[in-house]
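Step one of this worksheet: look at the structure below.
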Amino acid sequence: MGRDGFVGLLLLLLCAWFYWQSREIQSPPFVPLGPAFYPQVVLGLLAFLALLLALRGLIKSRSQAGRSAQGDLPSRAGAWLGRYGRVLLSLGTLGAYVALLPLLGYLLSTFLFTGALQWFLGSRALRTLPFSLAVAGATTYSTYLVFEVYLKVFLPRGVFF
Amino acid sequence: MLDLFVSSVTSVLRPDVFLSMLGGITAGLIGGALPGVTITMTIILVLPFTFGMDPLQGLATMVGVYVGGESGGLVTACLLGIPGTPSAIATTFDGFPMARKGEPGRAVWIGIWASLLGGLLAGVPLVVGAMTLATLALKFGPWEFFSLFILTLSIVASLSEKSILKGLIAGVFGLLVTAIGSDPIMGVPRFTLGSDFLRGGFPFLPILIGVFGIAQLMGDVEKLRPGQDRGALPAGVNLKVSHLRVIGEILRQPWNLIRSTLIGLWIGVLPAVGGSAANILAYDQAKKASRHPEKFGTGIPDGIIATESSNNANIGGSLITMMAFGIPGDAVTAVMLGALIIHGIQPGPLFVTTHTKVAYGMFAAYFIAHGLTVLIEWIGLRLAMRVITVPLRVLAPIIIVLCVVGSYALNNVMANVWTFFFFGVIGYLMVKFGFPLAPLILGVILGDQIETNLIRAIMTDSDLSLFFTRPLSGSLLLLSVVSFGLGLYQARRQQRGSRTLGTPLLHEER
């Protein structure tokens, strides 16, 4: 079905779900155009466009159906991981950072995050370790100083500290 | 008006404003020079620092970031052959060869002075244009606003490089995102799933930060190879040059300068299209208009003058649209819009007349920043350029931390950070699947206003034909159809293999 077709289908499902949700929007009486009007118009438009996309994806993948296989699954998976592995790792680390912020507080979470991400992105050599730690520490502390102390912009507090 | 201008200049020259503008320009210079860090990202990172400032100071700083950033990109473009920002791509075409031929200083300084001259030239249309358009927009009724926003979305979608259909989908998806929350007219909750946070809807700044920060950054992470660090500036590069001679070189090409400035201005006014398109188009046009087109690409000043004057003029153009209509001329002005909202200022045509001090302050900052940028580059170019050697694995975590702080600091709610994360992932996925980001952001920014104006128009007069029969509204809608048709036509031509100028949009922006 091709990527486009897949995305188109996904969007159609999304529209369907949203439309189902939109039936719960309470419309105040005596109003000609209630709060559900605009979202439903938008949903209709999106669904139409998504359908076009899905169809286009279908047609495109049909015309490319004769392409030869690109290698067996393990090697393809390996190549994919090589390319996107770091991205996934970075996003995962970021997610963990955001989740930990309200628990551990800004200082600790930021220190852990900056250190961990540098590690994941390639700062592995033993001699770069003190540098990485210094960067982590400096980033954490300087942002804390500038934002919380100087600019009086408050940063997340943890449960413990 | 003159005394307003004078007083705005004095307020920008106030020590605290002046200093933070200097900081903004420096940040812009460094961020602009760093390949992989766009001006949009830099201004996103500077944004939280402006929360504690008064609006004039905050916006003057951001204008500084913008101006500094457009200049910063040319340095790495000329010296390393790598554009620091997408708006310096075409600068590499002639800047790098010139540097390689043994004239790095001349290349860099032609760029810097051309940036100054182009920017200053565009300053007058900026002030005049913003004021005139704002006055015009005061006459708009809801029909006109609705049609204007539709025109904006259709322009942006039809300029999508890869697929107009995907551009439209991105835009409409952005509209859908804004439908989540309370409806803007009656406050009835929509799609909130009973959650208190969703009831307030998604604030657009964390979405912007996520989409432009994370998507760009993850794209860079993808390309990271183990053991690869950024190329350092070649040691012993002599940047000395006779400034008078360089300026003379530029002034000897007045048509090139003027034409490129106009191109930059025009592209700036076009919503969501930015410096990256301006510099390529200006280069292309300069080459076509030149008497010696074959010399382009070998290291002649014409190319550098064209690209650098146009990308600075683009700032002026983007500011016009933002200040007159509240529509972002590009991603950077989108962040500025966010800053205005945070400071309690409602963008839109009333902005210039209601907050005259801030508006004039921005005009003054625009001019002064150009001069300051040249000054800073004169003093500290080599020093600042050492920062380019910082590798991505160190830079990325720092950038992300600043994004997180920026999202949190908006109103001290963790949910905003989750919004940032969520839309960061969505933004990255969108880029991977070939969807442009510009229409999404515009949809998110304009969504509420589109709905409000639509409903208001219909409730005032249920005659739908008014959208077409009212002259301004009708012509705006007609323009939408025309731009849409042009876009389809261009796309068809492109499919047939003929070379058309791709216009890279916000997702590869600045």
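The values are calculated or read from the model by the stated rules, or taken from the named source; none is laboratory data. All values derive from a computational prediction rather than experimental measurement. All Cβ positions, even for glycine, are placed from backbone atoms using ideal geometry, and neighbour counts span all protein chains on display.
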Given B:37, B:46, B:75, B:63, which one is buried (at least 24 other Cβ atoms within 10 Å of the Cβ), part of a loop (DSSP other than H, G, I, E, B) and either hydrophobic (A, V, I, L, M, F, W, C) or within 22 Å of the chain's Cα centre (by Cα) (or both)? B:37
Checking the structure you have, find out if any residue of segment B:434-445 is more than 22 Å from the chain's Cα centre (by Cα) and assigned to a loop (DSSP other than H, G, I, E, B). no
For the list (1) surrounded by fewer than 24 Cβ atoms within 10 Å (Cβ to Cβ); (2) at pLDDT 85 or above; (3) away from chain A (no Cβ under 11 Å), I need the number of the one condition that residue B:211 fails. (1)
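Those residues that are assigned to a helix (DSSP H, G or I) and either more than 7 Å from chain B (Cβ to nearest Cβ) or of a type in the set (Val, Ile, Thr) (or both), I need them from segment A:23-42; list them, please. Lay out the reasoning, then the answer.
Residues of segment A:23-42 that are assigned to a helix (DSSP H, G or I), as a first pass: A:37-42.
Those that are assigned to a helix (DSSP H, G or I) and either more than 7 Å from chain B (Cβ to nearest Cβ) or of a type in the set (Val, Ile, Thr) (or both): A:37, A:40, A:41, A:42.
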List pairs: first in segment A:59-83 and farther than 22 Å from residue A:5 by Cβ, second modelled with pLDDT of 70 or more and in a helix (DSSP H, G or I), Cβ under 7 Å, 6+ apart or cross-chain? A:83/B:222
Among (1) assigned to a helix (DSSP H, G or I); (2) among the small types (Gly, Ala, Ser); (3) under 24 Å from residue B:61 (Cα atoms), residue B:329 falls short only on (1)
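Quick one: which of B:24, B:31 is surrounded by 24 or more Cβ atoms within 10 Å (Cβ to Cβ), modelled with pLDDT of 90 or more and assigned to a helix (DSSP H, G or I)? Break it down into steps so the answer makes sense when it comes.
Numbers: B:31 fails: modelled with pLDDT of 90 or more.
Sole residue among the options that is surrounded by 24 or more Cβ atoms within 10 Å (Cβ to Cβ), modelled with pLDDT of 90 or more and assigned to a helix (DSSP H, G or I): B:24.
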Mind checking which residues of segment B:345-360 are touching a residue at least 40 places away in the same chain (Cβ under 8 Å), of a type outside the set (D, E, K, R) and out of contact with any Pro (no Cβ under 8 Å at 6 or more places or on another chain)? B:348, B:349, B:350, B:351, B:352, B:353, B:356, B:359, B:360
Yes/no for residue A:19 being more than 7 Å from chain B (Cβ to nearest Cβ) and either surrounded by fewer than 13 Cβ atoms within 10 Å (Cβ to Cβ) or assigned to a helix (DSSP H, G or I) (or both): yes
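Right, residue B:414: within 9 Å of another protein chain (Cβ to nearest Cβ) and either under 21 Å from the mean Cα position of the chain (by Cα) or surrounded by fewer than 18 Cβ atoms within 10 Å (Cβ to Cβ) (or both) or not?
Working: within 9 Å of another protein chain (Cβ to nearest Cβ): yes; either under 21 Å from the mean Cα position of the chain (by Cα) or surrounded by fewer than 18 Cβ atoms within 10 Å (Cβ to Cβ) (or both): yes.
Taking the combined requirement at face value, the residue satisfies it.
Away from chain A (no Cβ under 14 Å), among the charged types (D, E, K, R) and over 27 Å from residue B:255 (Cα atoms): is that true of residue B:101 in this structure?
Details: away from chain A (no Cβ under 14 Å): yes; among the charged types (D, E, K, R): yes; over 27 Å from residue B:255 (Cα atoms): no.
In short, no.
Identify, from the list B:422, B:484, the residue that is surrounded by 15 or more Cβ atoms within 10 Å (Cβ to Cβ), within 14 Å of chain A (Cβ to nearest Cβ) and at pLDDT below 85.
Step by step, each of B:422, B:484 is checked, and only B:484 is surrounded by 15 or more Cβ atoms within 10 Å (Cβ to Cβ), within 14 Å of chain A (Cβ to nearest Cβ) and at pLDDT below 85.
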Give B:398, B:342, B:327, B:376 a once-over and let me know the one that is aliphatic (A, V, I, L, M), in contact (Cβ under 8 Å) with a residue 12 or more places away in the chain, surrounded by fewer than 22 Cβ atoms within 10 Å (Cβ to Cβ) and touching a Ser or Thr at 6+ places or on another chain (Cβ under 8 Å). B:376
I'd like to know if segment A:116-134 contains one or more residues that are of a type in the set (A, V, I, L, M), surrounded by fewer than 17 Cβ atoms within 10 Å (Cβ to Cβ), over 26 Å from the mean Cα position of the chain (by Cα) and at pLDDT 85 or above. yes
Index of the failed condition, residue A:114 passing every other in (1) touching a residue at least 24 places away in the same chain (Cβ under 8 Å); (2) among the polar types (S, T, N, Q); (3) more than 8 Å from chain B (Cβ to nearest Cβ): (3)
Where the second residue is among the acidic types (Asp, Glu) and crowded, with 21+ Cβ neighbours inside 10 Å and the first is facing chain A (nearest Cβ under 7 Å) and part of a strand (DSSP E or B) and lies in segment B:168-190, which pairs have Cβ atoms under 9 Å and are six or more apart or on separate chains? B:190/B:183
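So if I check each of B:266, B:255, which one is closer than 16 Å to residue B:330 by Cα, surrounded by fewer than 18 Cβ atoms within 10 Å (Cβ to Cβ) and not charged (D, E, K, R)? I'd like the intermediate steps shown before the answer.
Working: B:255 fails: closer than 16 Å to residue B:330 by Cα.
None of the others qualify; the one that does is B:266.
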Within segment A:91-111, residues more than 8 Å from every other protein chain (Cβ to nearest Cβ) and of a type in the set (Val, Ile, Thr) come out as A:93
Scope segment A:130-161; condition assigned to a helix (DSSP H, G or I) and facing chain B (nearest Cβ under 7 Å); matching residues: A:135, A:139, A:143, A:147
